[in-house]
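The values are calculated or read from the model by the stated rules, or taken from the named source; none is laboratory data. In this text the structure is predicted, and so the values were computed from the model without any measurement. Counting neighbours? That spans all protein chains shown, and the Cβs are built from the backbone with ideal geometry, glycine included. Note: areas computed on protein heavy atoms with side chains; ligands, DNA, RNA excluded. Shrake-Rupley method; radii C 1.70, N 1.55, O 1.52, S 1.80 Å.
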Amino acid sequence: MATLSDIGVSALINILSAFAFLLAFALLRIQPVNDRVYFPKWYINGERASPRRGGNFVAKFVNLDFKTYLTFLNWMPQALKMSETQLINHAGLDSAVFLRIYILGLKIFVPIAVVALLILIPVNVSSGTLFFLRKELVVSDIDKLSISNVPPKSIRFFVHIGLEYLFTIWICYMLYKEYDNVATMRLHFLASQRRRAEQFTVAVRNVPQIPGHSIAESLDHFFKTNHPDTYLCHQAVYNANKFASLVRKRDRLQNWLDYNQLKFERNPEKRPTKNIGFLGLWGERVDSIDFYKQQIKEFDKRMELERQKILKDSKSILPVAFVSFKSRWGAAVCAQTQQSKNPTLWLTDWAPEPRDVYWRNLAIPFVSLTIRKLIISLSVFALVFFYMIPIAFVQSLANLEGLERVAPFLRPVIELNFIKSFLQGFLPGLALKIFLYVLPTILMIMSKIEGHIAISTLERRASAKYYYFMLVNVFLGSIVTGTAFQQLHSFLHQPPTQIPRTIGVSIPMKATFFITYIMVDGWAGIAGEILRLKPLVIFHLKNMFLVKTERDREMAMDPGSVDYPETLPSLQLYFLLGIVYAVVTPILLPFILVFFAFAYLVYRHQIINVYNPQYESGAAFWPHVHSRIIASLLISQLLLMGLLSTKEAANSTPLLVILPILTLSFHKYCKSRFEPAFRKHPLEEAMAKDLMDQTTESDINLKAFLADAYLHPIFRSFEEEELVEIRVDKVRVDRHQSYADNAQTRDDISSPSPPHHAYHPASPPHHSYHQPTTSPPQDIYHHGIPPQYDYNLYGYYYEAESWTSRD
């Protein structure tokens, strides 16, 4: 069992590590050569110029202004200067509400920590029960500050129960206020947005196949019949998974060609060569540049054949589409109503914003989604319990003294005091952090297999899986496993009737392990987040070997967005630890307060200067955050009831029974009061926005505005003339199957389409598919950030007016 000295060693190691990371960051961030690593957000917004332009050669790499070294810590006050309104305009509502979670943690736990430390610590310390049990159980000085030190049947338990009620009321009050604030912010944010494509668009899935009609014709006919006054147009989607695979392979070949051309430019006297055998280890040696050019030429031919094959196959149209309406009111009615008497057909929901669409999953048949979700649920269940094995090993390191009693042969290995302090105070938390490193990636892959079509939904589902994992393995697993190891000796040498009492006493003893975990993950880990060591190394490697143009450099500095699937569950674990141990072992609360304050400062800096949001969901994740804090409250109440039952507190334990009931009632009220703001869009708000548009922008061409909103990037690779011809031919093929005599309508559909950027096989290296040189419309892409896509689906666009002569 870790002692106060072990915790002190761990605190010293983590504080020094955090200070070293912060010092390194403060020095690295002011160097011109690292400017794009620590301020990429401003480069993306076009509000920052490289400090390496001009000056002498040394000044391009090293900051020669020594005055800046004296103020290298000014990033801290600068991170707090931007107001919340400015932050929303700069980074979006998701980022602003994400930071409010840390503020909520401080609002909740600062008063709780003050009350608990002033009242509970004296109550627990003065009891002295563990002093008499020190020969039976493995205890430490920290355990004497917990509820375990209170003797059975003590009247002092009424203090713990009273504070549990007080803390629950305070937490519920803060949750209610925050839910109200976030819901209001969301509604105001949505109401203040300019015209955006997703406001008028609905995603339709499981479109039925009608004999003699194509999917496109079925869509057009259905919505013109059932939404005659509001339906505008639809954009079908093509399955092009094989084509996407060819695109990715060609991109890899293009990168190798870029690398070898750059290598040749630096040393023109020697052309690069390679072996064409297995992994380039043997075989004929050829010119690398000529080899990759020939490979790319062959891939271009294969891609062209595959593209034509997709376009000529009418079965390649997927039973899913993006349907746009003439008004927000029309889209809201369609998205929030059942379209067919068969509830499994014509399923509608709000379309994600264009950059939030995960195109790969649009090709998944709807009938397989339920099976996929079942398989993934079983896989997550197996994964959770598979990870119990390494968790158990980690917990054995958390209490070497308890392990010695079971395995005395380990005693010589841990005789030295410093080694023992290091193993118990630092290594367990670090080992657990390493085990959890690859888990978010695995859970994200599982969420993608489930078939969600929005990146934001994928991240929320992955976040939920990670939270369940943290709850079972990190929290409950640590308590149960730790108890089994450290009390095994007592279990084997005591009557069975005493086992529940031993478990009840042992649960609060795991606070020592969680303190070490908080210091490793919440102190040193957060300091490592701001250092950005991995992105720093990767950027300079890319800049050294791959960057050839300014656009290449922009891709190399891509910072990504906040890692919500990992960050939110970890954050919710801290809420769980604080709420559970507030009454049980309140000495843990100061460590959590340091985490919330430090993490808020770090992530505020990162959101302002580094992260570039991939999408904007309008804080759609908040109901999940609220629900999991409520779950933490319920867990703390149930654990306290179980703990008091082992303390023979028969007179006081029943007083806790009503507390979970009141908590669930509060949660139900909040769910009915606030959650609709995150799930539905009021028709009143939609109509108000439409009326405002009619008065301020009555001449807007909505059809042109929506034309390219949900067009997949692969279609943008065609020449404008080729795309028009493809559309004409495709419509002719579809119509010939059921409307052969409707030639005039075919001519109507061949109207010029919006401009598309062309694909050039002989284009400059590194990018096969170029985006337009001008920025995307600000109204379509929030904050002017272009969409992110996977190259594997075609988007295909139809207009409602094109089919009028058919009816």
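Structure notes:
- Calculated FRET efficiency, residue 184 to residue 338, Cβ-Cβ distance, R0 = 25 Å: about 0.25 to the nearest 0.05.
- On a per residue basis, the convex hull of the C-alpha atoms belonging to region 213-313 measures out at 133 Å³.
- Segment residue 366..residue 563, full-extension length gain: 68.1 nm, with 0.36 nm per residue of separation and the alpha-carbon distance subtracted.
- In the distance distribution for region 276-317, Cα-Cα pairs more than 11 Å apart total 71 percent.
- Cross-link partners of residue 689 among lysines (Cα-Cα below 19 Å; sequence separation of 8 or more within a chain): 326, 680, 703
- For the listed residue pairs 293/542; 263/297; 297/542; 249/293; 81/534; 263/542, the alpha carbons are over 18 angstrom apart in 293/542; 263/297; 297/542; 81/534.
- Under 5 Å from the amide H of residue 232 lie the amide H atoms of 324, 325, 326, each residue being 5 or more positions distant or on a separate chain, with H modelled from the backbone and absent for Pro and chain starts.
- Take region 591-697 with all the other protein chains still there, run a 1.4 Å probe, and you get 41 Å² of accessible area per residue.
- Region 291-387 - Rg over Rh from alpha carbon coordinates, Kirkwood radius: 1.12
- Take the Cβ atoms of residue 378 and residue 669, set R0 to 45 Å, and the FRET efficiency comes out at 0.85.
- Mean accessible surface per residue for region 1-125, computed with a 1.4 Å probe while every protein chain stays in place, in Å²: 47 Å²
- The apolar share of the surface of region 246-391, taken as the fraction of accessible area on carbon and sulfur atoms (1.4 Å probe, ligands and nucleic acids excluded), comes to 60 percent.
- Ignoring lysines fewer than eight residues from residue 448 along the same chain, the ones with Cα atoms less than 20 angstrom from its Cα are 242, 373, 465.
- Look at where the Cα atoms of region 161-218 and of region 531-605 average out, and the two centres are 26 Å apart.
- Three-way shape call for region 327-378 based on the alpha-carbon gyration tensor, with the a/c threshold at 1.5: oblate
- The calculated FRET efficiency for the pair residue 266 and residue 62, based on their C-beta separation and a Förster distance of 25 Å, comes to about 0.60.
- Separation in nanometres of the label points that stand 7 Å from Cα toward Cβ, at residue 275 and residue 245: 2.8 nm
- Note on residue 699 and residue 298: their simple-model spin labels are 5.7 nm apart, each label 7 Å out from Cα toward Cβ.
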